[in-house]
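The values are calculated or read from the model by the stated rules, or taken from the named source; none is laboratory data. A quick note: this is a predicted structure, and the numbers were derived from the prediction, not measured. Glycine also receives a Cβ, built like all others from the backbone with ideal geometry; neighbour counts cover every protein chain displayed. Surface accessibility is based on the protein's heavy atoms, side chains included, excluding ligands, DNA and RNA. Shrake-Rupley method; radii C 1.70, N 1.55, O 1.52, S 1.80 Å.
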Amino acid sequence: MIDEFAKTSLHGRLRRDRMALIWKLDGLSEYDARRPLTVTGTNLLSLVKHVASVEARYFGEVFDRPSPEPLPRWQEHDGSDLWAVEDEAREQIIESYRRTWEHSDATIDELALDAAGHVPWWPEPYANTNLFAVLVHVLGETNRHAGHADILREGVDGRTGTRPEHETQIDEAARATYCAKIEQAARSAASVKA
């Protein structure tokens, strides 16, 4: 009973975070979806592409259910999932991620939480694991990168949140006042410590 509750809850959170990650691309130009937004080159479309490959590996290879999406062998991973080349269409990457969801969802639905899996890129003694541990791990990865996307999108155009139905109109004046208050507190704290 508790296993089914845990599985349903974790899977529901994963589905929610997937949608939040995709939503971060909504309404962006090709340039804004792809341009480097950090010193390491992270961008919004690359986060989607990366999370798709992570999910494909964990719910595919780990449980001997290879992903239908093309992936290099994990030993040959070259970081190409961390950015989108010019001829990779945004829609192509999103649709690949959605197909990965279908495959992952089938793995999650068909296996018990204690189903054995093997993660060859994890060190011993952790490489032999189960669906519960992998589901928690992938949920953490997806949530982490959805959080990155939230911050990056805020930097592009100020949009925040996890779902469009909860988004409110940006009040620029209120936001500027709030940020000024935080800036003042930071300066005051710094001068006290100096």
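For the stretch 80-144, take the convex hull of the Cα atoms, compute a quarter of its surface area, and give me that in nm², please.
Values: hull surface 22.0 nm².
Mean projected area for the stretch 80-144: 5.5 nm², to one decimal.
How many percent of the accessible area of the stretch 125-194 is carbon or sulfur, using a 1.4 Å probe?
Values: 2690 of 4710 Å².
The C+S portion of the solvent-accessible surface of the stretch 125-194 is 57 percent.
Before anything else, pin down the relative contact order of the stretch 96-194: Cα pairs under 8 Å, at least 6 apart, normalised by residue count, whole percent.
Numbers: 41 pairs, mean separation 12.1, N = 99.
Relative CO of the stretch 96-194 lands at 12 percent.
For Asp32, Asp17, Asp109, Asp157, write out the residues from largest to smallest accessible area, computed with a 1.4 angstrom probe and no ligands counted.
Values: Asp32 40, Asp17 10, Asp109 95, Asp157 65 Å².
Final ranking, largest accessible area leading: Asp109, Asp157, Asp32, Asp17.
Could you tell me which of Ile182, Leu37, Trp122 has its Cα farthest along the dipole of the chain towards the positive end, charges placed at Cβ (Lys, Arg +1; Asp, Glu -1), taken about the Cα centre?
Farthest along the dipole direction, towards plus: Ile182.
Roughly how many Å is it from the Cα centre of the stretch 115-194 to that of the stretch 26-58, as a whole number?
15
With +1 on each Lys and Arg Cβ and -1 on each Asp and Glu Cβ, how big is the dipole of the stretch 109-189 about its Cα centre, in debye rounded to the nearest 20? Walk me through the numbers on the way to the answer.
On the way: 7 positive and 13 negative charges, 91 e Å.
Dipole of the stretch 109-189, to the nearest 20 debye: 440 debye.
Nothing charged except the Cβ atoms of Lys and Arg (+1) and of Asp and Glu (-1): what's the magnitude of the dipole of the chain about its Cα centre? Round to the nearest 20 debye.
Details: 23 positive and 33 negative charges, 170 e Å.
It comes to approximately 820 debye.
Normalised by the number of residues in the chain, what is the relative contact order in percent for Cα pairs under 8 Å and 6+ residues apart?
Details: 188 pairs, mean separation 52.6, N = 194.
Relative contact order, the chain: 27 percent.
State in Å² the accessible area per residue of the chain; use a 1.4 Å probe, count heavy atoms of protein chains only, and round to the nearest integer.
On the way: 11370 Å² over 194 residues.
Normalised by residue count, the accessible surface of the chain is 59 Å².
Rounding to the nearest 10 and keeping the result within 0 to 90°, find how far the Cα-based axis of helix 131-157 lies from the longest principal axis of the chain.
Helix 131-157 and the main axis of the chain meet at about 30 degrees.
Starting from a Cα-only point model with no solvent, please compute log10 I(q)/I(0) by Debye for the stretch 3-155 at q = 0.11 1/Å.
-0.42
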